[in-house]
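Below: one structure, written as C-alpha cells.
None of the figures in this text is laboratory data; all of them are computed from the coordinates on show. All values reported here derive from a predicted model rather than from experimental measurement. Here the Cβ positions follow ideal geometry from the backbone for every residue, glycine too, while neighbour counts run over all protein chains shown.
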Amino acid sequence: MIRVVLVDDQSLFRAGIRMLVASQPDLDVVGEAGDGREAIAVVARTQPDVVLMDIRMPVMDGLTATAA
C-alpha cells in the first residue's frame, strides 16, 4: 500500500483528489494539510511514501515546504 499525503489550500480540490486517490486499491490517503507549514507536521507524523503538494499556498508555499 502506498501512503499519500495531500497538500493544497483549497479544501474542495483536496476532497476531489482524495476521492481519486482513494479509488485506487493500492493507494491510501494518510493525511492532508492546507499549507506548507502544516504539511511539514503532517509528513513528520504520517511518514508517507508520496506527497502531492500545491506550489502556491499561503503561510508557506509548497517549494519551501518541500525543501524543508
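Per 0.36 nm of contour for each residue apart, how much would the distance between residue 1 and residue 22 grow if the chain were fully extended, relative to their Cα-Cα spacing? Can you show the working numbers first?
Numbers: separation 21, 0.36 × 21 = 7.56 nm, distance 1.14 nm.
That pair, residue 1 and residue 22, stretches by 6.4 nm at full extension.
Only four residue types carry charge here, +1 at the Cβ of Lys and Arg and -1 at the Cβ of Asp and Glu. Report the dipole size of the chain about the Cα centre in Debye, rounded to the nearest 20.
Values: 6 positive and 10 negative charges, 15 e Å.
Its charge dipole is roughly 80 debye.
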*Please sort 32-40, 19-27 by packing, taking for each peptide the average over its residues of neighbouring beta carbons within 10 angstrom, highest first.*
32-40, 19-27
